[in-house]
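This report concerns only the one structure given below.
The values are calculated or read from the model by the stated rules, or taken from the named source; none is laboratory data. Bear in mind that the values here come from a model prediction, so they are computed numbers and not experimental data. Glycine also receives a Cβ, built like all others from the backbone with ideal geometry; neighbour counts cover every protein chain displayed. Protein only, heavy atoms only, side chains kept; ligands, DNA and RNA dropped before computing areas. Shrake-Rupley method; radii C 1.70, N 1.55, O 1.52, S 1.80 Å.
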Amino acid sequence: SIENLQHTIMKYSTTALLLSILFSAPSVKAEGPCMKDDDSFDIDGCDYDNFVEGLQDFLDDETTCDHDAKTELRRIYSSTDNAKQAISRACSSAWNSVSTSNFKDIDHRFNNGFMNRYVAGETFLNTDTGSFQGTTEGNNIDNFRDDQATNTIMRGFPSLSQCNYNSIMCCFGRDRQPNDNNGNCADPIDQNCLDADPADNSNLCWIDADHIPLFSDPFAFPNDSEGDIHCHGLAWADDDNHFSSQLRFNNFFYVSLYDHMYTRGYVQPTQDSDNIGMCGCIEDMPKVSRADCTEIEASATFSVSFSDLLKFQVTADNDLDVEFNACQGTNPSNGNDANNDLASYINRLHINGEIDGNAKDKAFETLVGYAQPGNNNNEAACRDAYEEWFGPYPDEVEDKRCSPDTALFVIDEADFTSLEECQAACQNTPGCSYFSLGVDTGNDDYDQKGVCYGCQANIDNEDGFNTWELTEKTPDPTCQIGLLPASGKFCCPESCGSCGGPGCSQRPGGASACCVTNIETSGVSCDESNAPCIVSNPEPQMDPTCENGLLSDNGEFCCKDSCGSCGGPGCSQRPGGAAGCCVGHIENSQVSCDDSIAPCIVSNPEPPNEPETGDPTCENGVLTPNGKFCCKDTCGSCGGSGCSQRPGGVAGCCVGHISRSGNTCDASVAPCIM
């Protein structure tokens, strides 16, 4: 029928149209790379970013490629990740062929062990005093700076090879070199360079103490109590093939050994601490307000070739050239340029995508004044950071020292006492609540640097010393290492001489330690702490015959047993002080032994014993090795380290106290002067 014929014609017409469209459509060519066998180009440095830049320049200049370099790499390696991994391997292999050097190439003595000790502040470079100019090590450092530091890749050493957050910082606490217009070391060096200062460019905020089991607070240094310090650092990109990463030990050599030690004489850590060094990974350094910064500017030609089989291959031309410049950074607070500032340089690396946010944040935890790059005296940043981390800022630290008159111990040795050693001595001494350390005594009082005192209370003003309070004190429930009032309800430190009563606020330790009202208000229990504290189960105290003290020669006064002797010359210098050891003070106190324990007045004294006739040969005592002093027999040995902690105390066992007493063995028994 006509209808069927029309249907058949339509059917075949449609099929023909589809076949016509199918066979007449142009063929689609598969997309491929533009690079061909034996294509080559040069790049300056070898990491992913400058490889892409060099490839882009080649594609623009040498081909008619219609896509960019990153697309080209994806077509060659099938994905961006594959391309980055391939370029990283090729660059790493090429960098490995560049000439290298190590610190022994500077000076044969500078091996790994030496450099580990150097950054800790423990080599002759750190501890000696004088100029590096004209010395063997100085000449070696100067020559290396002009040669291999600029044309080889320096290899590192163990203590700085595992930094987690891409930055190294040095903080210097001493200037050892005169005549260089840096710091205040000056001739004559035996007078002016013992504890000379570098140029001050930062604040030491605190040194962490989380490595000490029973000490929860850090060692704070409020109000510039650390003295003048100088901090300087460097940072590098995450990419191991980046110039800043490959050459980070060149930069460290320049910053530490050349620019600061050889040129300026800056050496040693900011403080004597077992937990910090002079230089370290930024996460291992103390919290400071800021640091100066040096960055690498370098050039090195790498030749890149391409083949269909091997893809990209890279070789180094070994023409490395390194320069050292002040860092160009970006102010974290406002985005403006900020130069010669470590935090700002790290911020710029982060903005450029060269380090991750975690590395930046960790660096800012150490550089607490990062928001004010140009502020070399940013105590406010230290305060704000401390209060955010730990609570109220400890203002009563600077220029404070346990009174030598009532100190429980004194450590004065040839080697400086570290912060940790001083804290441990107090922690392990019964009754000790405070420890003091000479931290910034200067050239005039250099003999007090590193001297450590411990005490219950009675803290004096003394320049150059810092005093910290223990955070966990040894409980003294029955006040065995303190002083009880007649009621037995309160425990005062021994330095008070007596506990409570008229004039208590004027005694060594002041009202907070010596007045029972203040102790009651504090709420501190002797079950949890030592003096000053409240006794939970008090017993009335009295000692009518001075059985637990020391009688004066006339038997009328009872001194504290720790005094060694009761009354006489030098009584105020003995443990217990004037209030506990001098009969004039005890008489003025009007405290009776019928109502109290020593120091007190004996109501019914027995007739005095015959006066001692002396001990000219120290038969009944212990001689010092040089035979000049006679200590009490209970001391065990006479003088030397730890004398104040022996039975007999400072007055009986330490030659300094014996010398000041003026007692001769011709007229007295030990302790006395031969």
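For beta carbons closer than 7 Å, sequence separation of 6+ or different chains, a first residue in segment 394-419 that is closer than 20 Å to Gly652 by Cβ and a second that is of a type in the set (D, E, K, R) and not in a helix (DSSP H, G or I), the qualifying pairs are Ser403/Asp460. Restricting the first member to segment 34-62 and to residues that are over 16 Å from Arg75 (Cα atoms), and the second to residues that are of a type in the set (S, T, N, Q) and part of a loop (DSSP other than H, G, I, E, B), the beta-carbon pairs closer than 6 Å and six or more apart or on different chains are Cys46/Asn241; Asp47/Asn241.
For segment 534-548, does any single residue satisfy the condition of being free of Cβ contacts under 8 Å to residues at least 24 places away in the same chain and either assigned to a helix (DSSP H, G or I) or not polar (S, T, N, Q) (or both)?
We begin by selecting, within segment 534-548, every residue free of Cβ contacts under 8 Å to residues at least 24 places away in the same chain; these are 547.
Okay, now just the ones that are also either assigned to a helix (DSSP H, G or I) or not polar (S, T, N, Q) (or both), so 547.
Scanning segment 534-548, I find at least one residue that is free of Cβ contacts under 8 Å to residues at least 24 places away in the same chain and either assigned to a helix (DSSP H, G or I) or not polar (S, T, N, Q) (or both), so the answer is yes.
Just to be sure, is Ser303 within 21 Å of Met285 (Cα to Cα) and among the hydroxyl-bearing types (Ser, Thr, Tyr)? Judged against the criteria, Ser303 is not a match.
Within segment 31-75, being charged (D, E, K, R) and more than 51 Å from the chain's Cα centre (by Cα) holds for Glu31, Lys36, Asp37, Asp38, Asp39, Asp60, Asp61, Glu62, Asp66, Arg75.
Being part of a helix (DSSP H, G or I) and within 20 Å of Pro222 (Cβ to Cβ) is the filter here; which residues of segment 396-422 pass it? Spell out the reasoning first.
Just the residues of segment 396-422 that are part of a helix (DSSP H, G or I), to begin with: 419-422.
If the condition is that a residue be part of a helix (DSSP H, G or I) and within 20 Å of Pro222 (Cβ to Cβ), then Leu419, Glu420, Cys422 are the ones that fit.
I need the helices (runs of 4 or more DSSP H) fully contained in segment 583-664, keeping only those with at least 1 residues that are open to solvent by less than 30 Å² (accessible area, probe 1.4 Å), within 25 Å of Gln480 (Cβ to Cβ) and in contact (Cβ under 8 Å) with a residue 12 or more places away in the chain. Before you say what the answer is, go through the steps one by one.
On the way: elements: 583-589, 649-653, 655-661.
Fully inside segment 583-664 and qualifying: 583-589, 649-653.
Restricting attention to segment 504-533, the residues that are in contact (Cβ under 8 Å) with a residue 12 or more places away in the chain, in a loop (DSSP other than H, G, I, E, B) and of a type outside the set (A, V, I, L, M, F, W, C) total 8.
Kindly provide the set of residues from segment 143-161 that are within 17 Å of Met278 (Cα to Cα) and polar (S, T, N, Q), ordered by number. It would help to see each step written out before you state the result.
As a first pass, look at segment 143-161 and keep what is within 17 Å of Met278 (Cα to Cα): 156-161.
Selection gives Ser159, Ser161.
If only residues of segment 85-98 that are open to solvent by 50 Å² or more (accessible area, probe 1.4 Å) and of a type in the set (S, T, N, Q) are counted, the one that is farthest from Glu137 (Cα to Cα) is Gln85.
Confirm whether Ala196 is touching a strand residue (DSSP E or B) at 6+ places or on another chain (Cβ under 8 Å) and over 22 Å from Asp341 (Cα atoms).
Yes, satisfied.
Which one of Gln328, Gln313, Gln268 is open to solvent by 10 Å² or more (accessible area, probe 1.4 Å), modelled with pLDDT of 95 or more and within 14 Å of the chain's Cα centre (by Cα)?
Values: Gln328 fails: within 14 Å of the chain's Cα centre (by Cα); Gln313 fails: within 14 Å of the chain's Cα centre (by Cα).
Of Gln328, Gln313, Gln268, the one residue that is open to solvent by 10 Å² or more (accessible area, probe 1.4 Å), modelled with pLDDT of 95 or more and within 14 Å of the chain's Cα centre (by Cα) is Gln268.
Looking only at residues in segment 66-84 that are open to solvent by 90 Å² or more (accessible area, probe 1.4 Å) and assigned to a helix (DSSP H, G or I), the one that is nearest to Tyr48 (Cα to Cα) is Lys84.
In segment 496-515, the count of residues that are at pLDDT 90 or above, open to solvent by less than 40 Å² (accessible area, probe 1.4 Å), touching a helix residue (DSSP H, G or I) at 6+ places or on another chain (Cβ under 9 Å) and over 22 Å from Asp405 (Cβ atoms) is zero.
When segment 331-342 is filtered for residues that are at negative phi and open to solvent by 50 Å² or more (accessible area, probe 1.4 Å), the ones remaining, listed by number, are Ser333, Asn334, Asn336, Asp337, Asn339. Taking the listed residues Thr129, Thr123, the one that is in contact (Cβ under 8 Å) with a residue 24 or more places away in the chain and at negative phi is Thr129, with no other qualifying. Scanning segment 421-472 for residues that are open to solvent by less than 10 Å² (accessible area, probe 1.4 Å) and in contact with a Lys or Arg (Cβ under 6 Å, 6 or more places away or on another chain) returns Ser433, Ser436, Gly438, Phe465, Thr467. Ala425 meets the stated requirement of being in a helix (DSSP H, G or I) and among the small types (Gly, Ala, Ser). Note on segment 135-147: among residues that are under 16 Å from Asp259 (Cβ atoms) and of a type in the set (S, T, N, Q), the one that is least open to solvent (accessible area, probe 1.4 Å) is Asn140. A residue that is farther than 28 Å from Ala94 by Cα, in contact with a Phe, Trp or Tyr (Cβ under 9 Å, 6 or more places away or on another chain) and open to solvent by 70 Å² or more (accessible area, probe 1.4 Å) occurs somewhere in segment 115-134.
Applying the criterion of being open to solvent by less than 50 Å² (accessible area, probe 1.4 Å) and assigned to a helix (DSSP H, G or I) to the residues of segment 148-165, the residue that is farthest from Ile106 (Cα to Cα) is Leu160.
Going residue by residue through segment 373-382, is there one that turns out to be in contact with a helix residue (DSSP H, G or I) (Cβ under 7 Å, 6 or more places away or on another chain), under 21 Å from Ala220 (Cα atoms), at pLDDT 95 or above and surrounded by 13 or more Cβ atoms within 10 Å (Cβ to Cβ)? Yes: one or more hits.
Being in a loop (DSSP other than H, G, I, E, B) and crowded, with 16+ Cβ neighbours inside 10 Å is a property that does not hold for Tyr345.
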